[in-house]
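The numbers here are math on the coordinates, done by the rules we state, and not lab data. Just so we're clear, the structure is a prediction, and the values are computed from it rather than from any experiment. Using ideal geometry, Cβ is built from the backbone for each residue, glycine included, and neighbour counts are taken over all protein chains shown.
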Amino acid sequence: MAEATATGTTSEEWQPKIVMFCCNWCSYGGADSAGMGRFQQPPTVRVIRVMCSGRMDPVFILNAFLEGADGVIFSGCHIGDCHYVNGNYKATIKYKFLKAMVNELGLEDERLKLDWISASEGERYANVVTEFTEQIKKVGPSPLKPEGVV
Amino acid sequence: MENEEPRIGVFVCECGVNIGGYLDTQAVADYALTLPNVVHTKVNKFTCADSGQAEIQAGIKEHNLNRVVVASCTPRTHEPTFRACCKEAGVNPYQFEFVNIRDQCSWIHMWDWEGATAKAKDLVRMGVARSRLLEPLDESSVPVDQNVLVIGAGVAGMQAAIDFGDMGYNVYLVEKGPSIGGRMARFDKVFPTNDCSICILGPKMVEVARNKNINIMSYSEVTDVDGFVGNFEVTVLHKPRYLDTDICTGCGACQEVCPVELPSEFNENFGIRKAIYIPFPQAVPMRAVLDKDNCIGCKACEKACEAGAIRYDQEPIYEKLKVGVITVAVGMDAFDPLPHNNYGYGLYDNVITTMEFERLLNAAGPTGGHVVRPSDAVEPITVGFINCVGSRDVNENIYCSGGVCCMFSIKNAQLLKEKRPETNHYIFYMDIRSTMRGFEEAYNRARDLGVKFIRGKPVEITEKENGNIVVRVEDTLKGEIVNVELDLLVLGTGLVPNEGISEMGSILKLPRSADGFLTELHPKLAPVDTTTDGVFVAGCAAGPRDIAYATAHGSATAGRATRLLSVGSAPIMGITARIDEDKCVVCGVCVDKCPYGVFEIVGTNGDRRINVVEALCKGCGTCVTACPTGALEQSHFKNDQVLAQVRNVFQYGGE
Ligand SMILES: Cc1cc2nc3c(=O)[nH]c(=O)nc-3n(C[C@H](O)[C@H](O)[C@H](O)COP(=O)(O)OP(=O)(O)OC[C@H]3O[C@@H](n4cnc5c(N)ncnc54)[C@H](O)[C@@H]3O)c2cc1C
Ligand code: SF4
Ligand code: SF4
Ligand code: FES
């Protein structure tokens, strides 16, 4: 149940900026379900919709970090549930490659997350966002963030 | 159009107070006007309403807009509306961009006005950046296969199947259980009019069986659905009944001789069934089913079966079907009070659920219609009913089961009172929700019969040595604590989502609401549509409701789906992969990345090239990420379009 906890942001507290890629069929639907269920979460995530997690181009994610993202989540349907058979499986292969790239860029492992969220998992969606935000707050602002960028 | 300088209009929706109450919509609109190429902004009370759409169209005309951005709710429900609106006013539907500031802002940051407003501005900036790069696309359509799949054969699914069948379409009616009929087949009588349930359901079941256009696939499950509107490829698992259903006559000789006795699920585990059994006397199809898990292999049934129908070595069969539209009608469950021992259930013998009571009251049930209490099989004199068990309860489910449990308690008290006038009845309730037609009359009838209503939520249930149950409750109307001693206590368990709902959720990618039931496309205006085109939902799968409502729902899905079937084609998205032959080096990487076989290498040597069968492309974009030369692009999700969004998540030095 949506707990009536205010996620109010005090001006002093640093708020990370997180880019989240969602596939249209599951995870974007999960975000909608979170909205419909009024599952409160910190306002740290900016969602970009793609049709399938298989569309996740490593370029998108590396660009997000270079532009100033403190963290990136990419999310699709649970394995076996992809609307296009197995795009999410192909995404897992890219994820492994991306993890290595992220390290090479001098970023911490914790800044990149892959998670499967179905269209019905509104509450879980909110939890993923909340927990990832906490995790990023712990590691702090991205060292790659260009100066002056918010 | 393509090379025209973008002229973007941004429309910010207040959605009544849904958005306007939680963030500063005017500030978002003002901010949008500072962005490059934005020439017009407007805050609308309801952008999707007629007035809002008129404002978009007026904006397009007055400001000569060639792109439109709406910041409101979700594209999953409202994109078609706004695309059509743009198209009407001369803007290509694919040069419309959706920004979601409701599900992604106002509703999830309800107590953070500043944070939600700032985020909405970011999202609008991202949307505007993407909009600038959007290209016009053509919409295409696909043929709609004329076969229909209905999943679940309760009253809702049966009604859908009958309507589709009567309209001349071939229907596959897939039912998980060994018989059609659903939950209604197990009730004695049904509120509000208290007709005999099987007497009205039985003929409908026969009607389904007789309908030449309906293929009943009982004891079967849908395991996989691929494809899209008009062209679904469905895999159905036919579970083995371990007998030849073409030969079995349903005579029941097998169950007479079978030595294995098991609790009867149909009778809520009162009474027994055998390891081979006929589901219930009115079952359709009237065929036996062998429960292999409990079969001891004595082969008594094989000897008893004169028709020679038994097949111990039957295997599961997977069948592929092609259908154009799908109705999901998988129903619900009743709340299970066992895990938490709600109101002593599972601890005290004489606390039972309504479903159990229904079976005891049923003349065809395990006791021949005599309601007896489990501890000593004595017919009770004083019976209590607690409403809202598992519903309207922060520890279980917060929702109300739609008045269904209020009404079934009223029904059952009445029925037993009529059968045995010497009995006394108490209904413990929080509120009586007798909202539908004929419900209030049923409530009054129960009062006139002498059923006592005590307004209060019982706080303590205890068992006496003789098996009697004492309910301690505050009668909130009198303001006093009372202890009521009962011979039998019946828990009015609410309606909850079942396993079928979660299965459908994942197989068909249907979202579920916070209550766990399937979500309609729109709760008011598209109550049987879903976010997946060509898939419709009927009955309790989309939330608790009574039989009349579930039946109407079933018909409604047939009506909605027939729009597609009768036209024979459905519009589909113009989002596909396109190849730039100048950049393609025919490496062939894309060929096995595509799950639909869109690409093939044709020609030899110097003449080799990739042939693209665009009609097969479903637009996932997976191939695009694999192409090493950038020859492949996904229209509407081109690299530069997505990257523009990525870049615009951020900005230098605030505003
Ligand atoms: C105790 C009780 C008493 C009630 N009394 C009344 C009453 O008196 N009057 C009234 O109007 N309403 C009453 N109701 C409500 C009534 O039961 C529902 O309105 C009605 O059954 C809804 O029909 P349905 O077809 O949506 O679902 P169901 O009747 O639940 O049918 C769903 C069908 O789908 C099948 N199924 C499930 N999963 C799958 C799957 N994965 N694949 C294939 N098939 C599947 C099930 O086996 C079932 O046959 C009562 C409910 C309860 C719990
Ligand atoms: S299996 Fe044979 S005995 Fe059993 S019901 Fe069918 S025909 Fe009768
Ligand atoms: S986008 Fe590419 S991989 Fe996906 S269906 Fe179309 S051609 Fe196949
Ligand atoms: S559609 Fe969700 S991961 Fe492919």
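Quick one: Cα convex hull volume of segment B:205-244, Å³ per residue? Intermediate values should be presented prior to the final figure.
Numbers: hull volume 4.3 nm³, N = 40.
Cα convex hull per residue, to the nearest whole number: 107 Å³.
Would you please give the FRET efficiency between B:K583 and B:E265, computed as 1/(1 + (r/R0)^6) with r the Cβ-Cβ distance and R0 = 60 Å, to the nearest 0.05?
0.45
Looking at B:G115, B:C199, B:C258, which one has the Cα that reaches farthest to the positive end of the dipole of chain B (charges on Cβ: Lys, Arg +1; Asp, Glu -1)?
Among B:G115, B:C199, B:C258, the one farthest towards the positive end of the dipole of chain B is B:C199.
Place a point 7 Å from Cα of B:A363 in the direction of its Cβ. Which residues in segment B:165-198 have their backbone N less than 18 Å from it?
Residues B:185-191, B:193-198 fall inside that zone.
I'd like the mean, over residues of B:502-511, of how many other protein chain beta carbons sit within 10 Å of each residue's own Cβ.
Working: counts 2, 0, 0, 7, 8, 2, 4, 12, 5, 13.
The per-residue average across the peptide is 5.
Apply the Debye scattering formula to segment B:1-84, with a single equal point scatterer on each alpha-carbon and no solvent, then give log10 I(q)/I(0) at q = 0.14, 0.27 Å⁻¹.
-0.45, -1.41
What shape does the protein assembly as shown have by the C-alpha gyration tensor, where a ≥ b ≥ c are the square roots of the eigenvalues, rounded means a/c under 1.5, and otherwise prolate means a/b greater than b/c and oblate the rest?
Numbers: a/c = 2.14, a/b = 1.55, b/c = 1.38.
It is prolate, given that a/c is not under 1.5 and a/b is the larger ratio.
Quick check on segment B:249-309: take the gyration tensor over C-alpha atoms, sort the square-rooted eigenvalues as a ≥ b ≥ c, and tell me if it's rounded (a/c under 1.5), prolate or oblate. Intermediate results must be reported in sequence, preceding the final value.
Details: a/c = 2.11, a/b = 1.18, b/c = 1.79.
Oblate, since a/c reaches 1.5 and b/c is not below a/b.
Thinking of segment A:18-137 as a set of Cα atoms, what percent of all their pairs are more than 22 Å apart?
Here the long-distance tail beyond 22 Å is 28 percent of all Cα pairs in segment A:18-137.
Taking 0.36 nm per intervening residue step and subtracting the Cα-Cα distance, what contour gain separates B:A89 from B:D293 on full extension?
On the way: separation 204, 0.36 × 204 = 73.44 nm, distance 6.39 nm.
Contour length minus the Cα-Cα distance gives 67.0 nm.
Could you give me the percent of Cα pairs per 5 Å distance bin for segment B:343-437, shortest bin first, beginning at zero and ending with the bin that holds the maximum distance?
The calculated distribution, bin by bin, is 3, 12, 22, 24, 19, 12, 6, 1.
With unit charges on the beta carbon (Lys/Arg positive, Asp/Glu negative), name the residue among B:V482, B:V404, B:V586 whose Cα is farthest towards the positive pole of the charge dipole of the protein assembly as shown.
It is B:V586, whose Cα lies furthest towards the positive end.
One quarter of the convex hull surface, Cα atoms only: what value does that give for segment B:106-190 in nm²?
Mean projected area for segment B:106-190: 12.5 nm², to one decimal.
Select from A:G122, A:G37, A:G76 the residue whose mean-square fluctuation is largest in a Gaussian network model of chain A (Cα-Cα springs shorter than 10 Å).
Looking only at A:G122, A:G37, A:G76, the biggest GNM fluctuation is shown by A:G37.
Do any of B:K42/B:K87; B:K322/B:K593; A:K99/B:K121 go past 22 Å between their Cα atoms, and which?
B:K322/B:K593; A:K99/B:K121
Which whole-number percent is the relative contact order of segment B:132-287 (Cα, under 8 Å, 6+ apart)?
Relative CO of segment B:132-287 lands at 21 percent.
Report the Cα centroid-to-centroid distance between segment B:118-146 and segment B:153-207 in angstrom, as an integer.
42 Å
Between rounded, prolate and oblate, where does chain B land on the alpha carbon gyration tensor, with a ≥ b ≥ c its root eigenvalues, rounded for a/c under 1.5, else prolate if a/b exceeds b/c?
Oblate.
B:N37 versus B:D393, label points 7 Å from Cα toward the beta carbon: distance in nm?
For B:N37 paired with B:D393, the spin-label model returns 5.7 nm.
What FRET efficiency would be calculated for the residue pair B:E460, B:V602, taking the C-beta separation as r and a Förster radius of 51 Å, to the nearest 0.05?
It comes out at approximately 0.05.
Between B:S141 and B:K322, what FRET efficiency comes out of the Förster formula 1/(1 + (r/R0)^6) with R0 = 22 Å and r the beta carbon distance, rounded to 0.05?
Calculated transfer efficiency: 0.80.
Within segment A:123-145, what residues put their amide N at less than 17 Å from the label point 7 Å along the Cα-to-Cβ vector of B:W111?
Within reach of a label on B:W111, which here means backbone N under 17 Å from a point 7 Å along Cα→Cβ, segment A:123-145 contributes A:127, A:130.
Compare the Cα positions of B:I216, B:N267, B:I247 along the charge dipole of segment B:200-306 (+1 at Cβ of Lys, Arg; -1 at Cβ of Asp, Glu; about the Cα centre) and return the one farthest towards the positive end.
After comparing all options, I get B:I247.
In whole percent, what relative contact order does chain B give with Cα contacts below 8 Å and a gap of six or more residues?
13 percent
Pop a pseudo-label 7 angstrom from the Cα along the beta-carbon direction at both B:E379 and B:D640 and give the gap in nm to one decimal.
8.5 nm
Dipole magnitude of the protein assembly as shown about its Cα centre, charges +1 at Lys/Arg Cβ and -1 at Asp/Glu Cβ only, in debye to the nearest 20? Could the numbers behind the result be given before it?
On the way: 78 positive and 101 negative charges, 156 e Å.
With only Lys, Arg, Asp and Glu charged at Cβ, the dipole is about 760 debye.
Sorted by packing (mean other beta-carbon atoms within 10 Å per residue), highest first, where do B:95-101, B:604-610 land?
Working: B:95-101: 25.3, B:604-610: 10.4.
Ranked from most to least packed, the peptides come out as B:95-101, B:604-610.
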